[in-house]
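A short worksheet on the structure shown next.
The values are calculated or read from the model by the stated rules, or taken from the named source; none is laboratory data. Everything numeric here is computed off the predicted structure, so don't read it as measured data. Here Cβ is always computed from backbone atoms with ideal geometry, including for glycine, and neighbour counts include all displayed protein chains. Keep in mind that these areas ignore ligands, DNA and RNA; they rest on the heavy atoms of the full protein, side chains included. Shrake-Rupley method; radii C 1.70, N 1.55, O 1.52, S 1.80 Å.
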Amino acid sequence: MAGLVAMFSPDGLDVSLSDLTKRFPSHAAKRDEWRDACFAAVRLHHGKVNPAPQPLWDETGNVCVFMDGHLYEEDEGGHHQNPEGSPSAAACLRAYQAGPDALAALNGNFALIIYDKKRRSVTLVSDQLNTRPLYYFQAGREIVVSSHIAALTGHPRCPKILNRQALHELIVYRQVLGQSTIYHGIERLEPASIVTFDGQLSTPHPYWTPEFRAPTFSRREAPIVMADGFRKAAQRRVSRNLRHGVLLSGGLDSRAILASSEKPLDCFTVGSSENQQVQTARKVAELRGAPHHFLPVDPDGFWTHFEESVRLTGGMYGCQQAHFSPVLDAVKSVCDVVFIGNNMDAYFRGNFLPARKLTIAGSSQRLPILIDDHQTDEVTALFRAQKQAFPRTLAMRVLTNEAAGEHESRITDSVRELIRNYDRGMDDSPLRVCDFVLLRYLAQRFTFPNILCIRSRMDDEVLVWDRDLVELYLQMPLKWRHPDAVFRAALGRLSLPLAKVPYADTGLPATAHPYAETASVMINRSLRYLRKKTGTLRPDTDREPWLDFDNMLRRVAPLRERVAALSKSDALAACGLFDPSGIEGVADDHLRGDKNLGRFLLILLTIDSWIRQFGAEGSA
């Protein structure tokens, strides 16, 4: 899917929808469009999954739905219906009219815009995990909605006052949290929520909330239950009539998808060189009898697609996924739908839960031990759960005195806002509160930049967003997920040969003890650092799956020039938060090679690029 754009006013529309769609960041070839005097909407899509024309009207002819996404339904005999053949939009409309319980029972990834012509109202609905976000703003008696903030900026009444709270979050968490966006006045619909507009905007209300509960199976049975859940989720998503592939790394998450699918999947590995990630992925594909495609990316081309990546992520995430764009046409030529292993590590491997750390020579590594639940509070636990968050001391370097004075309280307030909807009657422990926030918000940090980039060009599938797997997640005690012994045992049940292939990040099989893996990661990280320092790091022995952003920002001329010019950026000055001399100091430290601050500088480049493209009218 590519997404939706819509406008509604009970008093009539005075803006052309084309002003919005021309800013919609998508390569979708298909569009469904409809309008009357009060409502106008368009769905952009790829014509493969859920291709039936929209909108779909109910039997009265008064209510219609535009749907981004699709459902995974089963008929009365329990047989899985194909995603492209199931009447997903009709099922969503029936569920909406039946009430909250019916919506909560849907298994799928969707966003809905429902127009009631008789009542003169529009309703927005998100799925349980908000996998297809909707952004909206109200301008008087008009509401404007889109899957991408970039499209909203095409409306002449779009608010463009920068959100200081969001900017504080970006430079620490690498994402904007909760329902806020980079602009005041533009909101993001929360997970499993409904909001209605009839000239006035209702308060969003949830139709489902996650409920943690005791498992219905034992610890010994857990790998069997998980493996079975993965198989069923893959079966629901694999169609006989479409070509499917998987982005296969040398890790375990995408390997679990390949092992779960009964239908062969074409395997694609993206990398800058024939490193150990590529070599491991190729071996995994060969063992499964699946075609393997290595898709080399040129680091010099990252900048070419950077501005597009910023548009896709709404300026709300660090744009580290621009290297995907050049290879997606090659993926699309082989398959119609591509599986992505994102969020497997967050939901079933405990990688975002607050764990103890071991620091040696300035290098920290998570241990396979959760922090003590009785010696922390939920805010501290959430701070520690921010995997790969930037040190707040780094953020303070680039802030003005005024902004630095408010930074700590704003960051704390953002965390408290995330937990306001948590039902403390379930489990009031800080780690469970953290788990709730992880499910609804934090796991999106790395998922969405990648998925939005892919989704703009072709259809995608994420296995762990299956409703039944979410229910499994809610039953699993924290210590069953961290360390990830249950997940690894489930992988072994899905395919023992694949589980025995050494994990590219560590050189150890999935059957290795968690402590052995921790030691291996620290040793490999130290060796990589020494090899980089001495210039002896060879591409074929490198275990790093991502591009080397630190050196890329120093070596690629356009990136280096933009980094060097950040301190003079009018766009960053418009934020009212940043100190030019502080930015200059951070940029100089990085460009000289004194410190590796590339990922932090990418956040500043993202903010700078967004404002350059779409503008700002001050901050608040």
**OP:** Output ³J(HN,Hα) for the stretch 283-297: one whole-Hz value per residue in order, computed from phi by the Karplus curve 6.51 cos²θ - 1.76 cosθ + 1.60 with θ = phi - 60°, and x for Gly and Pro.
**Re:** 5, 4, 4, 4, 4, 8, x, 10, x, 10, 10, 8, 10, x, 10
Original post:
Which chymotrypsin sites (Phe, Trp or Tyr not before Pro) in the stretch 292-355 pass both tests, a DSSP loop state and at most 13 other beta-carbon atoms within 10 Å?
Top reply: none
**OP:** Could you please report the charge total around E33, scoring K, R as +1 and D, E as -1 over all other residues with beta-carbon less than 15 angstrom from its beta-carbon?
**Re:** +1
Original post:
Tell me, what is the per residue accessible area of the stretch 202-246 in Å², probe radius 1.4 Å?
Top reply: 54
Subject >> Ranked order, M344, M396 - accessible area, probe 1.4 Å, largest first >> reply: M396, M344
Subject >> Debye intensity ratio in log₁₀ form over the Cα atoms of the stretch 119-274, taken at each q of 0.20 Å⁻¹ >> reply: -1.17
Subject >> In Hz, Karplus ³J(HN,Hα) per residue of the stretch 54-68 (6.51, -1.76, 1.60; θ = phi - 60°; x = Gly, Pro) >> reply: 10, x, 10, 9, 7, 5, 7, x, 9, 10, 10, 9, 9, 10, 9
Original post:
Which of the listed residues, V238, L248, C267, is farthest toward the dipole's positive end in the stretch 221-306, when Lys, Arg count +1 and Asp, Glu count -1 at the beta-carbon?
Top reply: V238
Original post:
Accessible surface of T606 in the full protein assembly, 1.4 angstrom probe, to the nearest 10 Å²?
Top reply: 0
**OP:** Sum -39500 (n - 2.57) across every DSSP H segment of at least 4 residues in the chain, then divide by the residue count to get the 222 nm mean residue ellipticity, nearest 500.
**Re:** -11000 deg cm²/dmol
Original post:
Quick one: with all protein chains in place, what share of the accessible area of the chain is carbon or sulfur, to the nearest percent (1.4 Å probe)?
Top reply: 49
Original post:
Given a 1.4 Å probe, how much area per residue of the stretch 444-522 is accessible, in Å²?
Top reply: 28
Subject >> Greater than 18 Å apart at Cα, pairs in K30/K332; K232/K283; K479/K500 >> reply: K232/K283; K479/K500
**OP:** Using the Cα centre as the reference, give the magnitude of the dipole from point charges on the C-beta atoms of the stretch 270-343 (Lys, Arg: +1; Asp, Glu: -1; all else neutral), rounded to the nearest 20 debye.
**Re:** 300
Subject >> Fully extended contour minus Cα-Cα distance, from E584 to E262, at 0.36 nm per residue >> reply: 110.5 nm
**OP:** Report relative contact order for the chain in percent, whole number only (criteria: Cα-Cα under 8 Å, sequence separation at least 6).
**Re:** 16
Original post:
In terms of solvent-accessible area of protein heavy atoms at a 1.4 angstrom probe, what is the ranking of T412, T60, highest value first?
Top reply: T60, T412
Subject >> Spatial separation of Cα centroids for the stretch 453-474 and the stretch 212-240, in angstrom >> reply: 14
Original post:
Can you list the HN-Hα couplings for the stretch 2-16, worked out from phi with the Karplus curve (6.51, -1.76, 1.60; θ = phi - 60°), rounded to whole Hz and with x for Gly and Pro?
Top reply: 10, x, 10, 9, 7, 9, 8, 8, x, 9, x, 9, 10, 10, 6
Subject >> Nearest-10 value in Å² for the accessible area of K48, using the 1.4 Å probe >> reply: 80
Original post:
Using alpha carbon coordinates only, what is the Rg to Rh ratio of the chain, with Rh defined as the Kirkwood radius?
Top reply: 0.94
**OP:** Evaluate the Kirkwood expression for the hydrodynamic radius of the stretch 413-488, namely the inverse of the mean inverse distance over all pairs of different C-alpha atoms, and round to one decimal in Å.
**Re:** 14.5
Original post:
Put +1 on the Cβ of each Lys and Arg and -1 on the Cβ of each Asp and Glu in the chain; which of G341, Q475, N163 then has its Cα farthest toward the positive end of the dipole?
Top reply: G341
Subject >> Net charge, N130 excluded, C-beta distance under 11 Å - Lys, Arg +1, Asp, Glu -1 >> reply: +1
Subject >> Positive-end residue, the chain charge dipole about Cα centroid, Cβ charges, pick of N107, F352, Q277 >> reply: Q277
Subject >> Electrostatic dipole magnitude of the chain [Cβ: Lys, Arg +1; Asp, Glu -1; Cα centre; debye, to 20] >> reply: 1400
Original post:
Over the C-alpha atoms of the stretch 120-178, what are the Rg and the largest Cα-to-Cα span, Dmax, in Å?
Top reply: 13.4, 42
**OP:** Would you list, by chain and number, the lysines whose Cα falls below 28 Å from the Cα of K160, excluding same-chain residues fewer than 8 positions away?
**Re:** K22, K568
**OP:** Determine the per residue accessible area of the stretch 1-40 with all protein chains present and a 1.4 angstrom probe, expressed in square angstrom.
**Re:** 42
